[in-house]
Amino acid sequence: MNCHPDMSLIHMQAPPEAAAEHVRRLMEAERRQAALQYGAHGKGPPASVGIVGAGVMGTSIAAAVVRHRIPVWIVDQDERAIASAPRRIARRLNSPPGGMQIPAAEVEGLVRTSRDLDAAARCDLVVESVVEKVAVKQQLLAQLELLVAPGTIVASNTSTISWARLATPLQDPGRLCGCHFFLPLGQAAMIEIIRGAQTRDDTIVAAIGFANAIDHLPLVVADAPGFVVNRLLVPYLAEAMHLLTEGVALEAIENAAEDFGMAMGPLRLLDEIGLDTALECAWTMSGSSADLVVRSPLLVAMVKAKCLGRKTQAGFFLYDEQSQVPRRPNPHLAKTLARWPHASRPYTAETIILRLLTPMLLEATRMLQRGNVRDAGQIDLAILCGFGFPASRGGLLYWADQLGAARIVELLGTLDDLGSRVQPTPLLLEMAQQNRKFFGQ
């Protein structure tokens, strides 16, 4: 492979004002589509929200709800997690991005905790945010179904498990939808709302109303492993780990991504998500497409070493307990990488960016080919809001339009030693031949 191809166009982008206008129009179009299909603004806000799971995502969801003065009940069997949940919620509420000072007494009045599942089940809407394991989620959802009132909506914060698998044990699968939240990284807060084959309209209306009530963009998507955001995110993260095992320095990968405009580098993002959670996601998605390369032996090795990310204060980086910013790279990583001996690769930042974005771009074209998304706008919103693709570039496919399909096909040719995983898709080749763009002409 040519490590130094002429890739000056990698950094080509539209004028910032044009990109900002594109993002604004995408958000307006998505809200308009939700209103057209499911009603003007969805249902009104729930009087209270039950959250099952007091981990990182559970408390993040709680903070998003409490920020809008909606009471929450958080349920968890872990006494330590329950005891620390109000403090962690308050810290998240008062930290950037979107930090706002809410008096501690007010937070205490809005956040209740319990080990009793009944406490969450009495709320108008219940969100499960437990470990990403099918059997665990199925058991919990079946228990909740026996406890909640007939009109209560049950939502799963699953990031990759299909609705069809989660709904299997339910007597009334119509009340179940996915409400996939994200860490506050992107252009705007968003909930990926997953509609299953049997999900009722009133369930989706309530989910949209909930999203609007907490000022989150509702992105209604179809049921498929990984849905939209993680269908694109997981191969991006996997590619970063491939680069590490090829001898590319951690700092070079992170700096290239951040210089491109990403909210944070892919390896720090993995630490935020949790390496064990990322591994569960990868396994869930690994059999869903022959073209989707998501497995990483490095990820398995890090999880086995109990380097799970910020929640254990050690992942690809080391962390202090109270700090959200990494202190330094984890020395254990160098020992783990010794299993894959490679000479240091002198990749340019442009080559690294091409490697990172290629898996996402190719999967995006497959999703458009298969009809997994309504249009290219849903792809760009998912990436902008889901994991911090730079708004200044307008989104992945808007950025690709600045390069042009023919140029992208040419650049992919510089990576031909990576085999079939970088082969242009039929849609991309067709677009290159016809000089078409993802957004207009």
Scan ALA391, ALA400 and give me the residue that is open to solvent by less than 10 Å² (accessible area, probe 1.4 Å) and aliphatic (A, V, I, L, M).
ALA400
Quick one: count up the residues across segment 384-409 that are farther than 22 Å from GLN423 by Cβ and part of a helix (DSSP H, G or I).
9
Within segment 282-302, does at least one residue satisfy the condition of being open to solvent by 30 Å² or more (accessible area, probe 1.4 Å), in contact with a Leu (Cβ under 8 Å, 6 or more places away or on another chain), free of Cβ contacts under 8 Å to residues at least 60 places away in the same chain and not aromatic (Phe, Trp, Tyr)?
yes
Which one of these does ALA240 not meet: (1) hydrophobic (A, V, I, L, M, F, W, C); (2) touching a Pro at 6+ places or on another chain (Cβ under 6 Å); (3) at positive phi?
(3)
Scan segment 261-270 and tell me whether some residue there is open to solvent by less than 20 Å² (accessible area, probe 1.4 Å) and in contact with a strand residue (DSSP E or B) (Cβ under 8 Å, 6 or more places away or on another chain).
yes
ALA149 passes all but one of the listed conditions (1) assigned to a loop (DSSP other than H, G, I, E, B); (2) within 23 Å of GLU280 (Cβ to Cβ); the exception is number (2)
Aliphatic (A, V, I, L, M) and either open to solvent by 40 Å² or more (accessible area, probe 1.4 Å) or within 29 Å of THR158 (Cβ to Cβ) (or both): is that true of ALA405 in this structure?
no
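Residues of segment 71-91 being outside any helix (DSSP H, G or I) and in contact with a strand residue (DSSP E or B) (Cβ under 6 Å, 6 or more places away or on another chain), which ones?
VAL72, TRP73, ILE74, VAL75
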All positions within segment 183-213 that are within 24 Å of GLY55 (Cβ to Cβ) and either in contact with a Lys or Arg (Cβ under 7 Å, 6 or more places away or on another chain) or crowded, with 24+ Cβ neighbours inside 10 Å (or both):
ILE191, GLU192, ILE193, ILE194, ALA207, PHE210, ALA211
Sole exception among (1) under 23 Å from the mean Cα position of the chain (by Cα); (2) within 27 Å of LEU308 (Cβ to Cβ) for ILE82, by number:
(1)
Could you go through segment 154-161 and let me know if any residue there is in a loop (DSSP other than H, G, I, E, B) and open to solvent by 10 Å² or more (accessible area, probe 1.4 Å).
yes
Residues (in contact with a Lys or Arg (Cβ under 9 Å, 6 or more places away or on another chain) and not acidic (Asp, Glu)) located in segment 399-421:
TRP399, ALA400, GLN402, GLY404, ALA405, LEU415, LEU418
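The values are calculated or read from the model by the stated rules, or taken from the named source; none is laboratory data. Keep in mind that what you see is a predicted model, and the values were worked out from it rather than measured. Cβ atoms come from the backbone with ideal geometry, glycine included; neighbour counts cover every protein chain shown. Heavy atoms of the whole protein, side chains included, go into the accessibility calculation; ligands, DNA and RNA do not. Shrake-Rupley method; radii C 1.70, N 1.55, O 1.52, S 1.80 Å.
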